[in-house]
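Colleague: Let me begin by handing over the structure; questions about it come next.
The values are calculated or read from the model by the stated rules, or taken from the named source; none is laboratory data. Please read these numbers as outputs of a predicted model, since none were measured by experiment. Cβ atoms come from the backbone with ideal geometry, glycine included; neighbour counts cover every protein chain shown.
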Ligand SMILES: Nc1ncnc2c1ncn2[C@@H]1O[C@H](COP(=O)(O)OP(=O)(O)OP(=O)(O)O)[C@@H](O)[C@H]1O
Ligand SMILES: Nc1ncnc2c1ncn2[C@@H]1O[C@H](COP(=O)(O)OP(=O)(O)O)[C@@H](O)[C@H]1O
Ligand code: SF4
Ligand code: SF4
Ligand SMILES: [Mg+2]
Ligand SMILES: [Mg+2]
């Protein structure tokens, strides 16, 4: 049996902000990704998707202090307890990130060649000509046309789609085992999004890259991610094979999310069924189900008791007192949070 | 053979025109020479209606939006608002009019002052409110509530403490606080998750109708465009390539580029379709192809496409397309033989596309 590239167990992350607030953002996150596999993480804004990626990397915005408990295992080694030097080594060689906005992750005054080869030049001192050649090769691998010329360019001279490909080239340069892609195509238009996602799929296939694909667009995961994890209020509320989750959602939040997707096919809906209410206040301790204030199916028990985890045979799980499709009655009694890894 | 004239359909009384742009062109000066970002575009925004402007990155959508607001003024063409030519206004009169033309930008975080609280960010937009006696605190609370950010939870936060989606909603609340006449939303919901997106789209639509706004909604997401707009204009390398009622255009696109955009939309349960695009990258706007600017990526291009710039022609009442071989036959008399041949030829080509 192969062991997963990334395995996250019972991860809780709390952020301490400079203005003295404490936010319990992530609650009991369990997930795992095998080599060559894409796990899609979908959820509304503020559900904790980016904090999840940042906790794996151990990088948070300046002035924010974070405490994480649980385990973040990269090829079996726990990043949370590793000594700082070992952690930096594991992350430097094993994990790469593709950001939402390539303009913020690329340095505007540094040539593309130097940024794309950054994770290489840190280790091997390359001569300039060699660096340009290597950069052009890396750019060609992500379908950047005219790579030799583009290697000499600065980020602002490229279109958004090309910049994101440069971001991907930089991420892939160090041959990571795990790619964290946080909304990699949100800033791109659909035709370019299609080519960038196809590109990520291709490299995932040929390099056996484990990919965590974060998005708020559940439609984008269809046909790409084998499994989906749906996040709500810092928890994974539903997980399973992409088809099962999108065609027969078990959690009321997933169902509501799917209903509110604006579609180009099917009957025209002038008013989209938005999920009423607002996301949970993470600065307050949550009792019961975090979705209860917005849930159509909520009963009294939902706001007092943490929902149990229901399962189907195909690894489809949902944390809900009254799931829509999974067998009624939890697989194991009184499971208070997701125990099974995604 | 003369094709039968289509029956005359009585058109409903159109809503009053608020903003009209005619012959709009924008040329940016760049180190590599003049860049024609927008070429001779005509647009009409009507009261209580939303026009969607669709096109890929670099097609000139933001250049159009800025030209409408004279930030900076267009290189050529006129923009009138309620009949007044903006170019004829004194700087002072233009300043007085500006708050009635509001824009919500693509990048929420950089458009918000990082040191202000959410409450102050919305309150300062009220400086442009037409009624000086307005109850500021109440309006701030109402606008934030309208975009799904309760004042009690978000009022004291600063932009850095918001997720991307939350920041964009603050920007929208700010624009609405000034009681605008024209609302231009440039990729304003692209960064929002679907539930927030649905809330904001419903809100934009409702406000456009209730407050008599004339809205221009810029997006590359046709699903979103379908939900929010009445009409759509598709932009390709600075030129309009197709225009018409949104439902009709999406049901049967006439331009190959519109068809490609439609095929690229990811949707749950919809298999990844073939966009039909040739694997070329969008050409540089500094050096656009001769003739039809789409021809390097168009599966139907022939030598006429390299030679002649296609003009906008009518394919149905209220629908125009700029293509020598549109996917729908061009309406009576206008070059009908060629167009219909083209359409027929393309039908077989489309159905014969290899699937991936
Ligand atoms: N540095 C920080 N200081 C304070 N609060 C933060 C910080 N980073 C994130 N948060 C809060 O943590 C929650 C989760 O944020 P996160 O950025 O992970 O959301 P997300 O799911 O990535 O949303 P989006 O889809 O908008 O990117 C939000 O409520 C956010 O306001
Ligand atoms: N200030 C500017 N200076 C030079 N070129 C510009 C400027 N603004 C936009 N452009 C160029 O004009 C074209 C259209 O840009 P833009 O209107 O921003 O497109 P869109 O909003 O559709 O993505 C692009 O090629 C872009 O690079
Ligand atoms: S546990 Fe209750 S409130 Fe929560 S999603 Fe299920 S039915 Fe709704
Ligand atoms: S004019 Fe020619 S190249 Fe342009 S879209 Fe039509 S068929 Fe394609
Ligand atoms: Mg995020
Ligand atoms: Mg733009």
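Colleague: Is there a residue in region A:206-228 that is within 16 Å of ligand 4 (Cβ to nearest atom), surrounded by fewer than 23 Cβ atoms within 10 Å (Cβ to Cβ) and assigned by TED's automatic domain parsing to the domain that holds residue A:242?
Modeller: no
Colleague: Restricting attention to region B:83-105, and to residues there that are touching a residue at least 24 places away in the same chain (Cβ under 8 Å) and in contact with a strand residue (DSSP E or B) (Cβ under 6 Å, 6 or more places away or on another chain), which single residue is farthest from residue B:180 (Cα to Cα)?
Modeller: The selected residue is B:105.
Colleague: Take the conditions within 9 Å of chain A (Cβ to nearest Cβ), touching a strand residue (DSSP E or B) at 6+ places or on another chain (Cβ under 9 Å), within 16 Å of ligand 2 (Cβ to nearest atom) and closer than 28 Å to residue A:261 by Cα and apply them to residue B:168. Does it pass?
Modeller: Here the answer is no, as residue B:168 does not meet what is asked.
Colleague: Hey, does region B:77-90 have a residue that's more than 26 Å from the chain's Cα centre (by Cα) and closer than 30 Å to residue A:101 by Cβ?
Modeller: The answer is no; no qualifying residue exists.
Colleague: Out of the helices (runs of 4 or more DSSP H) lying entirely within region B:225-334, which hold 3 or more residues that are surrounded by fewer than 20 Cβ atoms within 10 Å (Cβ to Cβ)?
Modeller: B:246-251, B:303-307
Colleague: So, one more: So, in region A:88-106, how many residues would count as being at pLDDT 90 or above and surrounded by fewer than 19 Cβ atoms within 10 Å (Cβ to Cβ)?
Modeller: Of the residues in region A:88-106, 3 are at pLDDT 90 or above and surrounded by fewer than 19 Cβ atoms within 10 Å (Cβ to Cβ).
Colleague: Now for a different question. Which of the residues spanning region B:178-196 are within 26 Å of residue A:218 (Cα to Cα), more than 7 Å from chain A (Cβ to nearest Cβ) and buried (at least 21 other Cβ atoms within 10 Å of the Cβ)?
Modeller: B:185, B:187, B:188, B:189
Colleague: Of all the helices (runs of 4 or more DSSP H) wholly in region B:111-187, which have at least 1 residues that are under 25 Å from the mean Cα position of the chain (by Cα) and modelled with pLDDT of 85 or more?
Modeller: Here the list reads B:118-125, B:136-146, B:164-177.
Colleague: Right, here's the next one. Are there helices (runs of 4 or more DSSP H) fully within region A:192-271 with at least 3 residues that are out of contact with any strand residue (DSSP E or B) (no Cβ under 6 Å at 6 or more places or on another chain)? List them.
Modeller: Here the list reads A:242-247, A:252-259.
Colleague: Okay, next question. Exactly one condition in (1) touching a helix residue (DSSP H, G or I) at 6+ places or on another chain (Cβ under 6 Å); (2) at pLDDT below 95; (3) within 30 Å of residue B:285 (Cα to Cα) is false for residue B:58; which is it?
Modeller: Residue B:58 satisfies all of (1) touching a helix residue (DSSP H, G or I) at 6+ places or on another chain (Cβ under 6 Å); (2) at pLDDT below 95; (3) within 30 Å of residue B:285 (Cα to Cα) except (1).
Colleague: Looking at (1) in contact with a helix residue (DSSP H, G or I) (Cβ under 8 Å, 6 or more places away or on another chain); (2) under 23 Å from residue B:284 (Cβ atoms); (3) at pLDDT below 85; (4) surrounded by fewer than 21 Cβ atoms within 10 Å (Cβ to Cβ), which one does residue A:152 not meet, given that it meets all the others?
Modeller: Exception for residue A:152: condition (3).
Colleague: Further question: Report yes if residue A:129 is under 26 Å from residue A:198 (Cα atoms) and part of a helix (DSSP H, G or I), otherwise no.
Modeller: When the stated conditions are applied, residue A:129 does not pass them.
Colleague: Looking only at region A:167-193, filter to residues that are away from ligand 2 (no atom under 16 Å from the Cβ) and more than 18 Å from the chain's Cα centre (by Cα); which one of those is modelled with the lowest pLDDT?
Modeller: Restricting to residues being away from ligand 2 (no atom under 16 Å from the Cβ) and more than 18 Å from the chain's Cα centre (by Cα), the top hit is A:174.
Colleague: Moving on to the next point. From the list A:200, A:257, A:272, pick out the single residue that is within 28 Å of residue B:203 (Cβ to Cβ) and within 20 Å of the chain's Cα centre (by Cα).
Modeller: Answer to the check: A:257.
Colleague: Considering only region A:63-70, I want to know if a residue exists there that is over 21 Å from residue A:253 (Cβ atoms) and outside any strand (DSSP E or B).
Modeller: Yes, region A:63-70 contains at least one residue that is over 21 Å from residue A:253 (Cβ atoms) and outside any strand (DSSP E or B).
Colleague: Still on this structure: Give A:46, A:40 a once-over and let me know the one that is outside any strand (DSSP E or B) and either within 16 Å of ligand 6 (Cβ to nearest atom) or within 13 Å of chain B (Cβ to nearest Cβ) (or both).
Modeller: A:46
Colleague: Right, residue B:110: out of contact with any helix residue (DSSP H, G or I) (no Cβ under 6 Å at 6 or more places or on another chain), buried (at least 18 other Cβ atoms within 10 Å of the Cβ) and within 14 Å of chain A (Cβ to nearest Cβ) or not?
Modeller: no
Colleague: Also, quick follow-up: How many residues does region B:197-224 contain that are more than 8 Å from chain A (Cβ to nearest Cβ), buried (at least 21 other Cβ atoms within 10 Å of the Cβ) and either out of contact with any strand residue (DSSP E or B) (no Cβ under 7 Å at 6 or more places or on another chain) or assigned to a strand (DSSP E or B) (or both)?
Modeller: The total comes to 7.
Colleague: Now for a different question. Would you check if there is a residue in region A:90-100 being within 16 Å of ligand 2 (Cβ to nearest atom) and either out of contact with any strand residue (DSSP E or B) (no Cβ under 7 Å at 6 or more places or on another chain) or not in a loop (DSSP other than H, G, I, E, B) (or both)?
Modeller: Within region A:90-100, not a single residue is within 16 Å of ligand 2 (Cβ to nearest atom) and either out of contact with any strand residue (DSSP E or B) (no Cβ under 7 Å at 6 or more places or on another chain) or not in a loop (DSSP other than H, G, I, E, B) (or both).
Colleague: Please identify the pairs in which a residue from region B:39-61 that is in contact (Cβ under 8 Å) with a residue 12 or more places away in the chain has its Cβ atom under 6 Å from the Cβ atom of a residue that is within 16 Å of ligand 1 (Cβ to nearest atom), counting only partners at least 6 apart or on another chain.
Modeller: Partner pairs satisfying both residue conditions: none exist.
Colleague: Residues in region A:287-310: is at least one within 11 Å of chain B (Cβ to nearest Cβ) and either in a helix (DSSP H, G or I) or touching a residue at least 40 places away in the same chain (Cβ under 8 Å) (or both)?
Modeller: yes
Colleague: Within region A:4-52, how many residues are surrounded by fewer than 18 Cβ atoms within 10 Å (Cβ to Cβ), on the phi > 0 side of the Ramachandran plot and touching a strand residue (DSSP E or B) at 6+ places or on another chain (Cβ under 8 Å)?
Modeller: 2
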